Amino acid sequence: MSTERRAHHTSHVAHPSRATAALTIGVVALIGAFLYLVRNALIPFVFAGVIAYVTTPAIDWAAARTRMPRWIFALITLLLLLGLFALIGWLGVPSLAKQVTNMGNNLQGGVADIVAEFTGKGTINLFGKQMNAQMIAQYIIEAVSAFLSANVFSIVEYSFAGMFGLILSWVLLGYMLFGGREQGEALFWLLPPSWRDVARRIWARLSPILRRYFLGVGLVVIYASTAAYIGLGLILHIHNALFLALMTGLLEIIPVIGPVASGTIAGLVAMGQAQSSWNIIEYIIYAVALRISIDEFFGPIVLGKAAYMRPVLVIFCFLAGGMLFGIVGVILAVPAALAVKAILGEVYEEEGLRRN
């Protein structure tokens, strides 16, 4: 092959034609639309993929260092993760279920006592009617019961889907841990052959920062668990504080939705153990302080430094991702922004796209 023909061939491979580019953009758009339609079904895949992505380097390192079969360390990692979640459940689920049962046995009386702490023993004017604490408690319970009755099928559906999704997440995690990096390499086959070298260069830019970001998420989980235990256990003296703190930390993996769930569960436990209205006010102060410290300071600063992004942009990514793709969008919002930065860095041939 002559020099001119070789140069022409190389140029042709490095720079795909407009038709190929248009076809690729169309395929990517169709894939994006499809993923939007099935976004809720992606949750187990995203969870398993993130955990496998973070733990795979350690598995590969251990296998290379010991020269033992890789599957042994993949199995150990999977069993350790299962053991961790089982331990957390063993620490708190039985005791928490017992407290919920006790609250349910005298729900109206408990709600009435809490209402009485704020309204007093007499009557107040509410919605044009004179009502005491017992009447208000009955009204609240009837409203909750009506809501649950109207949505009983949705609750059962989401409960079943949640259990199935949890089991599927562990199954997928097993496949991904044992499959290793080869599964990630298979994704490059979705691109035209002439684009794969560019995609690998972009991934080489993205991967180190992406790993730093997920390690930053781990630091947020540790901080949230520690701060929650200090508040719930050492200051408020709430039973099952260790379990509630660990749950608070783990649910931080799901921005926005996770904190709401953990705060609601901890709030119900705090209300069940409250001796006065001041105990409830103390919990509210704790919950607000915890959320401000995580959402406005520690989280954005740590994740921003880990991902080389400004805290304001991190917050925006969370909100935009949640509005577009729900839980999956919140989890992948910052990684998607990092991918855009890596692509621009490759297009502009710049190494300095470190801060936005």
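Kindly list the number of the only condition in (1) in contact (Cβ under 8 Å) with a residue 60 or more places away in the chain; (2) under 16 Å from Val288 (Cα atoms) that fails for Ile235.
Single failed check for Ile235: (1).
So Val312 ticks every box in (1) in a helix (DSSP H, G or I); (2) crowded, with 16+ Cβ neighbours inside 10 Å but one. Which box is left unticked?
Checking Val312 against (1) in a helix (DSSP H, G or I); (2) crowded, with 16+ Cβ neighbours inside 10 Å, the one that fails is (2).
Could you please let me know if Ser207 is surrounded by 17 or more Cβ atoms within 10 Å (Cβ to Cβ) and free of Cβ contacts under 8 Å to residues at least 60 places away in the same chain? Let's see the steps before the verdict.
Details: surrounded by 17 or more Cβ atoms within 10 Å (Cβ to Cβ): no; free of Cβ contacts under 8 Å to residues at least 60 places away in the same chain: yes.
No; evaluated as a whole, the condition is false for this residue.
Mind checking which pairs have a first residue in the range 284-299 that is touching a residue at least 60 places away in the same chain (Cβ under 8 Å) and a second that is in a helix (DSSP H, G or I), Cβ under 6 Å, 6 or more apart or different chains?
Once the first residue is touching a residue at least 60 places away in the same chain (Cβ under 8 Å) and sits in the range 284-299, its partners that are in a helix (DSSP H, G or I) give Leu290/Ala227; Ile294/Ala224; Phe298/Tyr223; Gly299/Val220.
Inside the range 221-242, can you point out the residues that are surrounded by fewer than 15 Cβ atoms within 10 Å (Cβ to Cβ) and more than 24 Å from the chain's Cα centre (by Cα)?
Of everything in the range 221-242, those that are surrounded by fewer than 15 Cβ atoms within 10 Å (Cβ to Cβ) and more than 24 Å from the chain's Cα centre (by Cα) turn out to be Leu234, Ile235, His237.
Mind listing whichever residues of the range 315-325 are closer than 15 Å to Gly32 by Cα and surrounded by 17 or more Cβ atoms within 10 Å (Cβ to Cβ)?
Passing the criteria: Gly321, Phe325.
Throughout, read-outs are computed from the coordinates displayed, never taken from laboratory work. None of the values given here were measured: they were computed from a predicted structure. Glycine also receives a Cβ, built like all others from the backbone with ideal geometry; neighbour counts cover every protein chain displayed.
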